[in-house]
Amino acid sequence: MNKDTDGALQPGRDPDDIDAAQAALNRMRDAAAARGEIRRKAPPRPGTGQKPSRAAGGRGFSQFHTNGRDPLGLGKVVGRLVAERGWSSPVAVGSVMAQWPALVGPEISAHCTPESFTDTTLHVRCDSTAWATQLRLLSHSLLEKFRVELGDGVVTSIQVLGPAAPSWRKGARTVHGRGPRDTYG
């Protein structure tokens, strides 16, 4: 057999003996060596004659590629972006709005909806005054649940808003006076 180290086609060599993958790998190794990039193996542990385990190395597959060019999962990339930009609090606020039914339960979420978020205060609109009173009574336990689920200091207070009464103003001209009484809620 007439094999060369790079597995390339040579005169007098049978084309069926060529390993295309090995030839490509050898060309890539030669190109990397020409650029000065040489892969070094980890030295064995002194006294044992064994190679270090992956758990001791800590990185598994990526232990040889420490130049930051390995592909990362989307979760890690987004997590790093959120941490670098200081968006952890706004992301937590968005999770309160998005996960409202899961955080407070289906019964409360059917009657109360989060409207806005100012600093660390969550503004919640209820569909009746009875539910507004009930939510005010539950606010301490909800704040504790938010602290456990979202982190400390994301939501520090809940401002409960009652139902909005309909407007009786029709047209451009109005008469000043007492107007309709509070019969809603």
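The values are calculated or read from the model by the stated rules, or taken from the named source; none is laboratory data. No experiment lies behind these values; they were computed from the predicted model shown. We place every Cβ from the backbone using ideal geometry, glycine too, and count neighbours over all the protein chains shown. Accessible surface is based on the protein model in full, side chains and every heavy atom, while ligands, DNA and RNA are left aside. Shrake-Rupley method; radii C 1.70, N 1.55, O 1.52, S 1.80 Å.
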I want to confirm something. Restricting to region 60-76 and keeping residues that are open to solvent by less than 70 Å² (accessible area, probe 1.4 Å) and modelled with pLDDT of 80 or more, which single residue is nearest to residue 130 (Cα to Cα)?
75
Taking residue 79 as meeting all but one of (1) part of a helix (DSSP H, G or I); (2) modelled with pLDDT under 80; (3) open to solvent by 80 Å² or more (accessible area, probe 1.4 Å), write down the number of the exception.
(3)
Residue among 89, 95 that is closer than 17 Å to residue 152 by Cα and modelled with pLDDT of 65 or more:
95
Has region 162-179 got any residue that is over 30 Å from residue 78 (Cβ atoms), touching a residue at least 24 places away in the same chain (Cβ under 8 Å), in contact with a Gly (Cβ under 9 Å, 6 or more places away or on another chain) and in a loop (DSSP other than H, G, I, E, B)?
yes
Output for Cβ contacts, cut-off 7 Å, separation at least six or different chains, first residue among the basic types (Lys, Arg) in region 131-143, second surrounded by 13 or more Cβ atoms within 10 Å (Cβ to Cβ), reads 136/160
Out of the residues in region 112-162 that are closer than 19 Å to residue 95 by Cα, hydrophobic (A, V, I, L, M, F, W, C) and open to solvent by 40 Å² or more (accessible area, probe 1.4 Å), state the one that is modelled with the lowest pLDDT.
117
